[in-house]
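Q: Here it is, the structure, as structure tokens.
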Amino acid sequence: MEIIHINNKKEGEFKAMDNEFVAGKITYNWINENCFEINHTIVDENYSGKGIGKKLVVAAVEYARENNKKIKPLCPFVIALFEKIKEFEDIRCKVN
């Protein structure tokens with residue numbers, strides 16, 4: 001499984017690729033140059049329960065930390081992970 005990050009100045013996504021197949025992805029929009037909001041997580045039903053969603057969120061968190069960015073979770077799945085994994089609090093965006 002490979003995680004691919006596609007980013008432009010307005011939006012982006014992290015995709016979990018199983019060869020040529022998209023097993024799951026999260027999408028985001030940039031709020032400003034330092035903060036992006038994750039608005040959607042989807043995992044193909046054939047990959048459900050295999051931790052793909054969490055791997056995608058972890059990839060987004062790692063990207064944010066490495067690039068001095070913050071994340072605003074909007075997607076219910078991401079909100080739940082941020083509540084569960086307190087180590088993500090340092091990269092939470094406070095922008096409304």
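The values are calculated or read from the model by the stated rules, or taken from the named source; none is laboratory data. Model, not experiment: these values are computed from the prediction. With ideal geometry, Cβ positions are generated from the backbone for all residues, glycine too; neighbour counts draw on all protein chains shown. The protein model used for the area step is the full one, side chains on, heavy atoms only, and it has no ligands, DNA or RNA in it. Shrake-Rupley method; radii C 1.70, N 1.55, O 1.52, S 1.80 Å.
Q: With viscosity set to 1.306 mPa s at 10 °C, what whole-number translational diffusion coefficient in µm²/s follows for the chain from Stokes-Einstein and a Kirkwood radius over Cα pairs?
A: Estimated via Stokes-Einstein, D reaches 120 µm²/s.
Q: Report in % the part of the accessible area of the chain that belongs to carbon and sulfur, leaving out ligands and nucleic acids; probe 1.4 Å.
A: Carbon and sulfur atoms account for 48 percent of the accessible area of the chain.
Q: Next question. Sequence-distant or interchain residues sharing an amide H contact under 5 Å with Cys93, placed H: which?
A: Placed amide hydrogens put Ile71, Lys72 under 5 Å from Cys93.
Q: So, one more: Given H placed on each backbone N at 1.01 Å, which residues far from Ile31 in sequence or on other chains put an amide H within less than 5 Å of it?
A: Those qualifying (amide H under 5 Å, at least 5 residues apart or on another chain) are Phe36, Glu37.
Q: Taking only protein heavy atoms and a 1.4 Å probe, what accessible area per residue, in Å², does the chain have with all protein chains in place?
A: Computed with neighbouring chains in place, this is 62 Å² per residue.
Q: How high is the FRET efficiency from Glu20 to Lys50, r the C-beta distance, R0 22 Å, rounded to 0.05?
A: With R0 = 22 Å, the Cβ-Cβ based efficiency is 0.75.
Q: Another question, if that's okay. Please compute the net charge surrounding Asn7, taking Lys and Arg as +1 and Asp and Glu as -1 over other residues with Cβ under 14 Å from its Cβ.
A: Neighbour charge sum, excluding Asn7 itself: -1.
Q: Let me ask something else about it. Ordering Arg92, Arg65 by accessible area with a probe of 1.4 Å, largest first, what comes out?
A: Arg65, Arg92
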